[in-house]
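Trainee: Okay, handing you the structure first.
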Amino acid sequence: MSSQPDETDVVILDGGLATHLEALGCDLRDELWSAKLLMENPEAILQAHRDYFAAGADVATTASYQASYQAFAQRGRVEHEAQALMQLSVELAKEARDEAGGGLVAASVGPYGAFLANGAEYTGDYDLDEDGLLDWHRPRWEVLADSCADMLACETIPSFAEARAIARLLEETPNVNAWVSFSCRDGEHICDGTPLEDCAALFAGNPQVVAVGINCTPPSYVKSLISHLSACPIVVYPNSGETWDAENHRWLGLADPMEFGAAAREWRDAGASFIGGCCRTTPEHIRQIRANLR
């Protein structure tokens with residue numbers, strides 16, 4: 001794939017991998033989340049990728065969001081075993097892609113906050129500075145950069161310091177393409193309070209960066225956030241938009257896939273060229289996105 005889509009095309013991403021794995025019967029109540037299935041049930045990950053391609057996705061995002069040497073070490077996996085598991089995440093996505101007859105594989109690079117497993121990917125409240133984050137990310141980055149994935153998906157980034165660390169990692173690996181997407185707290189700022197446009201400016205003009213945008217963010221913020229992203233192609237894959245109604249014990253929001261698909265038209269018209277879903281979105285959400293955009 002070229003580093004940018006044709007201006008008339010929208011690249012359709014997949015939806016919530018963990019959400020669909022749970023629908024397939026997997027128990028993800030674990031700090032490793034979907035990455036634990038790389039050890040316990042890789043066939044389920046393969047099936048989830050297959051289902052998203054069947055729904056119309058152009059891209060499979062790997063089950064490496066919470067995979068890292070440090071996380072696997074906590075499960076007693078030594079370095080070469082951890083490396084093999086991270087490589088497996090890409091191999092599973094590639095197998096599903098090949099079975100589907102085409103598509104792309106994006107190797108997920110989750111934030112440091114995902115390893116902390118304390119919600120910090122939604123606050124940016126870290127105990128590491130930029131240099132510490134660079135050192136933490138680099139070992140996993142090197143594995144995924146050498147994995148033959150089509151690109152890296154640096155996603156749910158809540159911290160300006162972490163964004164700067166990712167920009168430095170891209171400088172270290174000039175043959176790697178990536179998109180960079182941020183978790184945001186409102187229609188203008190990423191989760192640590194930095195204006196989104198300041199984050200995007202770190203990557204403007206870098207030919208390695210296929211897109212900059214937002215994910216794991218309520219869809220109600222997307223149009224406003226897109227307006228702060230003018231320097232490069234835009235990627236958006238928000239959550240379903242649901243909020244928990246504790247009184248009536250139900251989820252409320254854009255859970256309806258048809259509503260989500262219709263919203264995707266607005267995001268495209270506002271300038272997004274990579275569109276998918278994040279938490280609590282399903283293959284049906286992706287099917288509706290494709291129906292509305294193609």
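Trainee: Report the Cα centroid-to-centroid distance between region 55-75 and region 190-212 in angstrom, as an integer.
Mentor: 22
Trainee: By count of other Cβ within 10 Å, fewest leading, how are THR123, THR19 ordered?
Mentor: By the 10 Å Cβ count, ascending, the order reads THR123, THR19.
Trainee: At a 10 Å Cβ-Cβ cut-off, how would you order ARG29, ARG97, ARG138, fewest neighbours first?
Mentor: ARG29, ARG138, ARG97
Trainee: Any idea how far apart ASP135 and GLU259 come out in nm if each label point goes 7 Å out from Cα toward Cβ?
Mentor: For the pair ASP135/GLU259, the computed spacing is 4.7 nm.
Trainee: Pick from ALA165, ALA231, ALA57: which is most flexible by mean-square fluctuation in a GNM of the chain where alpha carbon atoms under 10 Å apart are linked?
Mentor: Highest fluctuation among the options: ALA231.
Trainee: With a point put 7 Å past each Cα toward its Cβ, work out how far ARG294 is from GLU188 in nm, to one decimal.
Mentor: Output for this residue pair reads 3.8 nm.
Trainee: Calculate the FRET efficiency for SER230 and LEU116 from the Cβ-Cβ distance with a Förster distance of 35 Å, rounded to the nearest 0.05.
Mentor: 0.60
Trainee: Still on this structure, please answer the following. Under the 0.36 nm per residue contour assumption, what length would be gained going from the current alpha-carbon distance of ASP9 and GLU171 to full extension?
Mentor: 55.5 nm
Trainee: Something else about it: Where a ≥ b ≥ c are the square roots of the eigenvalues of the C-alpha gyration tensor, would you call the chain rounded, which needs a/c under 1.5, or, failing that, prolate if a/b is larger than b/c, or oblate?
Mentor: The shape class here is rounded.
Trainee: Full-extension gain between ASP127 and GLN74, please, as 0.36 nm times their residue separation minus the C-alpha to C-alpha distance.
Mentor: 17.2 nm
Trainee: Run the numbers on region 164-235 and let me know its relative contact order in percent, using alpha-carbon pairs under 8 Å that are six or more apart.
Mentor: So the answer I get is 36 percent.
Trainee: Next question, about the same structure. Report the label-to-label distance for LEU28 and ALA84 in nanometres (one decimal), using points 7 Å from each Cα along the Cα→Cβ vector.
Mentor: Spacing of the two 7 Å Cα→Cβ label points: 2.5 nm.
Trainee: Still on this model: Show that you can apply the helix-only estimate: for the chain, add -39,500 (n - 2.57) for every DSSP H stretch of four or more residues, divide by all residues, and state [θ] at 222 nm to the nearest 500.
Mentor: So the helix-based figure for the chain works out to -12000 deg cm²/dmol.
Trainee: Continuing with the same structure: By counting other Cβ atoms within 10 Å of each Cβ, how are ASP269, ASP150, ASP125 ranked from fewest to most?
Mentor: ASP269, ASP125, ASP150
Any read-out appearing in this document is the output of simple, stated calculations on the displayed coordinates, not a laboratory observation. This is a predicted model, so every value here is computed, not measured. Methodologically, a virtual Cβ is constructed for each residue, glycine included, from the backbone with ideal geometry; neighbour enumeration extends over all protein chains shown.
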